[in-house]
Amino acid sequence: MKKVLVLFLLVFLVGCSNNTEVKEEVKEIVETKEEVSSINRIISTAPSNTEVIVGLGLGDKIVAVDNFSDKSEIPHDVVLMDMMAPNMELIMSLEPDVIITSNLNSEGGSPFDQIIDLGYNVVNIETANSIEDIYSSIEAIGIAVEKEEESKIMVKNLREEIEEIREKSKQIEERKKVYFELGNFSGSLYSLGNGTYIDEIISVVGGENIFHEQESWIVVSGESIVDKDPEIIVTSSSMADSVAEEIKTREGFSEVEAIKNDRVHVLKTSNLSRGSQKVIIGIRELAEVMYPNVYK
C-alpha cells in the first residue's frame, strides 16, 4: 500500500476563540496532504468520530474502531481496539487510508508518533469543549474523509435544530438549577463546570448548572450538591430505575429540592456525552425532561 504524507489536525487551537480562524487553519492543513485516490479503509479511535464518519455515509469503509464506539452501523467484522492503548502494529496491518484519532488516545504523549513518522495519514480531533467545537470537528472529519460538502450540510442541520431549541427556551421565565452527574465511580461523583459543551447545553435548554462557576470536568462531593440544592438532577444510564433510586437514597439528599419534587431524570442514551451530530438527540431528551411543557 502506498503511504500518504502525515496529516495532523489540531482542530481546537489553544488560545484561539475565533471559530472561522480554526476552520481556515484546518482546511489549509488538509490541503497540504498528498491526495488519497479514494477513502476505502478508515480507522476511528473515538466514539464521537465514529458517529460522524457513519453519519457521512462511510460506515462501510471503517475497518477498525475503539472498543466504546457504537457497532450497530459498521461492518460486523470490524476490528476492535483499546481506546486508551491503541495497538500500532495492528493499525498498520490494516493498511488504512486515514486514521481519525482523538486526544483521548494521547494521555502521556501521542502513541501515533511512530506511525506518523512512517507517513501514515493521521487526523487528530481534539475533544469538543463547546457546541462550536462540535461543529468544527464534524467539518474537519468531513475534509479528512473527502466528504466536505456533506459535513457542512450536517453542521447546518445541527446548528438549526440547536438554535430552534435555544429560541424555545426564551419562553422559560424561571430557569431551574440543574445538577448533571456524569457518573458515580467507586464513590466519587463526577460532574462538569464551564468550558464544557454539556454546561453550554444546559443553558441552551433553559437551565442553570449548579457547578457553572467551576471549570471543565470535575469531582464533586455529596455535601456540595446538597448545599447547592438543585431543582433538577440529571444523569444517563441504561439502568434508569436503579440509578435514580441510588441517587434518591444518598445521605442528606432527602432535603434536596429535586428529590422532594421527584425531579431525578435518568437519560437512556449516551448522546450527550459524545460530541457528534447525535448530540441533538441528547439535547432534545434533556430539554423534554427538564421542561416538558415547553418542549413537546
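The values are calculated or read from the model by the stated rules, or taken from the named source; none is laboratory data. Only a predicted model underlies this, so the values are computations on that prediction, with no experimental measurement involved. FYI the Cβ positions are ideal-geometry reconstructions off the backbone, even for glycines, and counts take in every protein chain you see. SASA here: full protein model, heavy atoms, side chains in, ligands and nucleic acids out. Shrake-Rupley method; radii C 1.70, N 1.55, O 1.52, S 1.80 Å.
The table below gives the values:
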{"quantity": "Evaluation of Val219 against (1) of a type in the set (Val, Ile, Thr); (2) surrounded by 15 or more Cβ atoms within 10 Å (Cβ to Cβ); (3) not in a helix (DSSP H, G or I) (one fails), failing number", "calculated": "(2)"}
{"quantity": "Residue list for segment 227-262, filter: in a helix (DSSP H, G or I) and of a type in the set (Lys, Arg)", "calculated": "Lys228, Lys248, Lys260"}
{"quantity": "Restricting segment 229-249 to residues that are surrounded by fewer than 17 Cβ atoms within 10 Å (Cβ to Cβ) and charged (D, E, K, R), the residue that is nearest to Ser188 (Cα to Cα)", "calculated": "Glu246"}
{"quantity": "Whichever residue in segment 31-62 is open to solvent by 10 Å² or more (accessible area, probe 1.4 Å) and assigned to a helix (DSSP H, G or I) and, among such residues, is modelled with the lowest pLDDT", "calculated": "Glu31"}
{"quantity": "Tally, over segment 253-274, of residues that are of a type outside the set (Lys, Arg), touching an Asp or Glu at 6+ places or on another chain (Cβ under 7 Å) and farther than 17 Å from Val205 by Cβ", "calculated": "2"}
{"quantity": "The one condition in (1) open to solvent by less than 80 Å² (accessible area, probe 1.4 Å); (2) modelled with pLDDT of 95 or more; (3) more than 30 Å from Asp227 (Cβ to Cβ) that Val123 fails to fulfil", "calculated": "(2)"}
{"quantity": "Subset tally (residues that are within 14 Å of the chain's Cα centre (by Cα) and in a helix (DSSP H, G or I)) for segment 120-140", "calculated": "8"}
{"quantity": "Residue satisfying condition, being at pLDDT below 90 and farther than 26 Å from Glu167 by Cβ, within set Ser237, Ser254", "calculated": "Ser237"}
{"quantity": "Any hit, segment 130-138, residues being touching a Lys or Arg at 6+ places or on another chain (Cβ under 8 Å), acidic (Asp, Glu), in contact (Cβ under 8 Å) with a residue 40 or more places away in the chain and open to solvent by 10 Å² or more (accessible area, probe 1.4 Å)", "calculated": "no"}
{"quantity": "Every pair of residues 6+ apart whose Cβ atoms lie under 7 Å, when the first sits in segment 176-204 and is aromatic (Phe, Trp, Tyr) while the second is assigned to a loop (DSSP other than H, G, I, E, B) and buried (at least 22 other Cβ atoms within 10 Å of the Cβ)", "calculated": "Tyr179/Ile210; Tyr179/Pro230; Tyr197/Ala128; Tyr197/Gly275"}
{"quantity": "Residue within segment 260-274 that is open to solvent by 70 Å² or more (accessible area, probe 1.4 Å), under 21 Å from the mean Cα position of the chain (by Cα) and either at pLDDT 90 or above or not polar (S, T, N, Q) (or both) present", "calculated": "yes"}
{"quantity": "Candidate set from segment 63-119 (those that are assigned to a helix (DSSP H, G or I) and either in contact (Cβ under 8 Å) with a residue 60 or more places away in the chain or of a type in the set (Asp, Glu) (or both)); member that is nearest to Asn271 (Cα to Cα)", "calculated": "Asn105"}
{"quantity": "Any chance Ser224 is outside any loop (DSSP other than H, G, I, E, B) and within 24 Å of the chain's Cα centre (by Cα)", "calculated": "no"}
{"quantity": "Lone qualifier among Val294, Val226 - being of a type in the set (Val, Ile, Thr) and at pLDDT below 95", "calculated": "Val294"}
{"quantity": "Residue ID - surrounded by the most Cβ atoms within 10 Å (Cβ to Cβ), chosen from residues in segment 275-296 that are in a loop (DSSP other than H, G, I, E, B) and touching a helix residue (DSSP H, G or I) at 6+ places or on another chain (Cβ under 6 Å)", "calculated": "Gly275"}
{"quantity": "Filtered residues of segment 184-199 (kept if in contact with a strand residue (DSSP E or B) (Cβ under 8 Å, 6 or more places away or on another chain) and open to solvent by 10 Å² or more (accessible area, probe 1.4 Å))", "calculated": "Asn184, Ser188, Leu189, Tyr190, Asn194, Gly195, Asp199"}
